[in-house]
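The values are calculated or read from the model by the stated rules, or taken from the named source; none is laboratory data. These numbers were taken from a predicted model, which means no experiment stands behind them. All Cβ positions, even for glycine, are placed from backbone atoms using ideal geometry, and neighbour counts span all protein chains on display.
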Amino acid sequence: MTNDIFTHLGCSLESSLLKRAELFLKQDNVEYLQVKTLGESHPDKYYALTRIFYFKMGFKPIEEFYQIWDDNPCLLMIKGL
């Protein structure tokens, strides 16, 4: 799903998809939703927009890992449902 969200940033489709997924997950009593995206220590401007989107949707950064995606930092973010 993150690739779809990344592709459509800025057109409100991404927030609609995420809100719908959250409703579905809440019905199954899921407590948390996590995402992984390129970490802040990487200069990619498009992933900076992706992180901004996740922040706006209520996700909090947990930790940046350096051993998951080879040389690319992986930022783990979580949101309580």
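Considering only the range 28-43, state which residues are free of Cβ contacts under 8 Å to residues at least 12 places away in the same chain and acidic (Asp, Glu). Explain how you work it out, then say what you get.
Of the residues in the range 28-43, the ones free of Cβ contacts under 8 Å to residues at least 12 places away in the same chain are 28-29, 43.
If the condition is that a residue be free of Cβ contacts under 8 Å to residues at least 12 places away in the same chain and acidic (Asp, Glu), then Asp28 is the only one that fits.
Considering only residues that are of a type outside the set (A, V, I, L, M, F, W, C) and modelled with pLDDT of 90 or more, which ones fall in the range 48-72?
First, the residues of the range 48-72 that are of a type outside the set (A, V, I, L, M, F, W, C): 50-51, 54, 56, 58, 60-61, 63-64, 66-67, 70-72.
The answer is Arg51, Tyr54, Lys56, Gly58, Lys60, Pro61, Glu63, Glu64, Tyr66, Gln67, Asn72.
So, in the range 33-43, of the ones that are loosely packed, with under 13 Cβ neighbours inside 10 Å and in contact with a strand residue (DSSP E or B) (Cβ under 9 Å, 6 or more places away or on another chain), which residue ends up modelled with the lowest pLDDT?
To start, the set of residues in the range 33-43 that are loosely packed, with under 13 Cβ neighbours inside 10 Å comprises 34, 41, 43.
Remaining after also requiring in contact with a strand residue (DSSP E or B) (Cβ under 9 Å, 6 or more places away or on another chain): 34, 41.
On the way: Gln34: 95, Ser41: 91.
This residue is Ser41.
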